[in-house]
1. Can you tell me which residues in segment 280-323 are under 24 Å from Met238 (Cβ atoms) and basic (Lys, Arg)?
2. Looking for whichever is in contact with a Lys or Arg (Cβ under 8 Å, 6 or more places away or on another chain) and modelled with pLDDT of 95 or more here; the options are Ala380, Ala395. Which one fits?
3. Is it true that Arg335 is among the charged types (D, E, K, R), within 25 Å of Ser443 (Cβ to Cβ) and open to solvent by less than 50 Å² (accessible area, probe 1.4 Å)?
4. I'd like the residue in segment 99-129 that is in contact with a Ser or Thr (Cβ under 7 Å, 6 or more places away or on another chain) and open to solvent by less than 60 Å² (accessible area, probe 1.4 Å) and, out of all such residues, is nearest to Gly41 (Cα to Cα).
5. Look at segment 344-364 and say how many of its residues are open to solvent by 40 Å² or more (accessible area, probe 1.4 Å) and within 20 Å of Gly442 (Cβ to Cβ).
6. Would you check if there is a residue in segment 395-403 being crowded, with 16+ Cβ neighbours inside 10 Å, on the phi > 0 side of the Ramachandran plot and in a loop (DSSP other than H, G, I, E, B)?
7. Among the residues of segment 72-81 satisfying the criterion of being among the aliphatic types (A, V, I, L, M) and assigned to a loop (DSSP other than H, G, I, E, B), which is surrounded by the most Cβ atoms within 10 Å (Cβ to Cβ)?
8. Being without any contact (Cβ under 8 Å) to a residue 24 or more places away in the chain, more than 26 Å from the chain's Cα centre (by Cα) and not in a loop (DSSP other than H, G, I, E, B) is the filter here; which residues of segment 14-55 pass it?
Amino acid sequence: MSLNFLATRFQCTWPWDILVMLCDGRLVCGCADPYGKRVLGDARLSSIREVWAGEPLTTLRAALNGGGSSFCGDCPLKLPLKRDQEPVQRAVDAGPLPHRMFIECTAACNISCQQACCAPETGITRTRQAGMLDFELFRRVLDEVGPSLGRIDFFNYGEAFLHKRAVEMCEYIKVHFPHIYLYTSTNGLALTDAKARQLVHSGIDEVTFSIDGASQASYERYRQRGKFDVAIGNLRAMADEKRTSGVDVPFLNWRYILFNWNDSDDEMNQARRLAADIGVDRLCWELTDHPEDAFSRRFLPGRPELEAIQPEVWDHNNLGNAIPGATPLAQIDVRTWLPGLPIVARSGQPFSVRTRVTNLSTRPFPAQASYGRRLVRLGAQLCRADGTLINRDFARGEFQTALAGGSAVDLPVQLPAVDAPGRYALKFDLVYEGVDWFERCGSPTTVKPLWVR
């Protein structure tokens, strides 16, 4: 098919950064390939390095530089190009190894989600050449690619923790490659209380529980054959183990897909109360457009109901939280010699500003965190006078101790020199390092003019 048609022109970044390993060892392009149609290689037969530099991937990269490839088929990860837009040109040689991998332990699942492509009834397990990922294959792949990876998504299709050695795999990753950010998503039903608590101590960075309802009656409408009390019990066990052990990882998400049977104020507020009681780090709503007869009409785009919860929606930002008071919000006051005066600095010389930060939420802002992620700092962003960003990471101010909810602290910020004289602006915001800026979830920022003489 010609690529002259607008609908067929697209680009994609996945083949330059990410590789997905199915439970049988085959390597595919993208996490939206449930039946393993877009195979790039096989880890049972080749090294990851050979696949990453191999002909299928280099040919795909070259085709994407030209505006698309028939290899991609119906993959929904494609990024359409506008009529006159040219694709970004990237090197066909993407380096020796990928920076991120998805690892699928199994395509099998212990429940049947309504009309889901990975439900057992679809026959997805028959598209795999093995039912469970071989542990020795997993270890060989990790030993090769681990030093180059920044992140592993420990799931794909199926329920990862049906694999009897899944928790052991998490332990292996974090013991041998602690720099890797390890994330997983689970329905929570294959864990036991003991395994849930063991997972807390594996070193895994983040765990998302998919629980779509606040009662058995609403939950099982989509998660058919699922047991709400088991899923919630294992989420509670992990939160309790974190609390009693005094550890800050894993970060625990409760992700709640909104359907037309679980989107009432009563049901959603019950989830808020339950999440707060358990001690979940984050509760978020997820919006979907399927199943056709089931997705939530109450929260369609443009409706005021959606606007009211928008910061709490999973894909909107990385910090918004449906638990009352848990969304991080702050007030930042910047002190100048007289109110309304600009900050003044000399060109080529570092300078300092005085600030006062107030925590407007109920949860503390951590000053320390495992692996240097999810600690809060005050950020100063350097902008032109019209607000155009010059340097988002211009300076940081560090809290000495955690800032409790409702409390305030005076925080001096040391700023580097600006060489060119002129008029600028400094934009102050708090940042959860490695996650997101507070502004993204609705926290107010403070902008002050900066005159450099």
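The values are calculated or read from the model by the stated rules, or taken from the named source; none is laboratory data. Fair warning: this is a prediction, and the values are worked out from it, not measured in the lab. Positions of Cβ are backbone-derived with ideal geometry, glycine not excepted, and every protein chain shown enters the neighbour counts. With ligands, DNA and RNA removed, areas are computed over all heavy atoms of the protein, side chains included. Shrake-Rupley method; radii C 1.70, N 1.55, O 1.52, S 1.80 Å.
1. Scanning segment 280-323 gives a single hit, Arg282.
2. Of Ala380, Ala395, the one residue that is in contact with a Lys or Arg (Cβ under 8 Å, 6 or more places away or on another chain) and modelled with pLDDT of 95 or more is Ala380.
3. Details: among the charged types (D, E, K, R): yes; within 25 Å of Ser443 (Cβ to Cβ): yes; open to solvent by less than 50 Å² (accessible area, probe 1.4 Å): no.
Against the criterion (among the charged types (D, E, K, R), within 25 Å of Ser443 (Cβ to Cβ) and open to solvent by less than 50 Å² (accessible area, probe 1.4 Å)), Arg335 does not qualify.
4. Initial filter on segment 99-129 (in contact with a Ser or Thr (Cβ under 7 Å, 6 or more places away or on another chain)): 99, 107-108, 119-121.
Now drop any that are not open to solvent by less than 60 Å² (accessible area, probe 1.4 Å), which leaves 107-108, 119-120.
Working: Ala107: 18, Ala108: 22, Ala119: 26, Pro120: 25 Å.
Within segment 99-129, the match that is nearest to Gly41 (Cα to Cα) is Ala107.
5. To start, the set of residues in segment 344-364 that are open to solvent by 40 Å² or more (accessible area, probe 1.4 Å) comprises 344, 346-350, 352, 354, 356, 360, 362-364.
Checking which are within 20 Å of Gly442 (Cβ to Cβ) leaves us with 360, 362-364.
Here the count works out to 4.
6. Within segment 395-403, none of the residues are crowded, with 16+ Cβ neighbours inside 10 Å, on the phi > 0 side of the Ramachandran plot and in a loop (DSSP other than H, G, I, E, B).
7. Of segment 72-81, the ones among the aliphatic types (A, V, I, L, M) are 77, 79, 81.
Within this subset, residues satisfying the condition of being assigned to a loop (DSSP other than H, G, I, E, B) are 77, 81.
Numbers: Leu77: 15, Leu81: 18.
For segment 72-81, the residue satisfying everything is Leu81.
8. Across segment 14-55, the qualifying residues are Gly41, Asp42, Glu50, Glu55.
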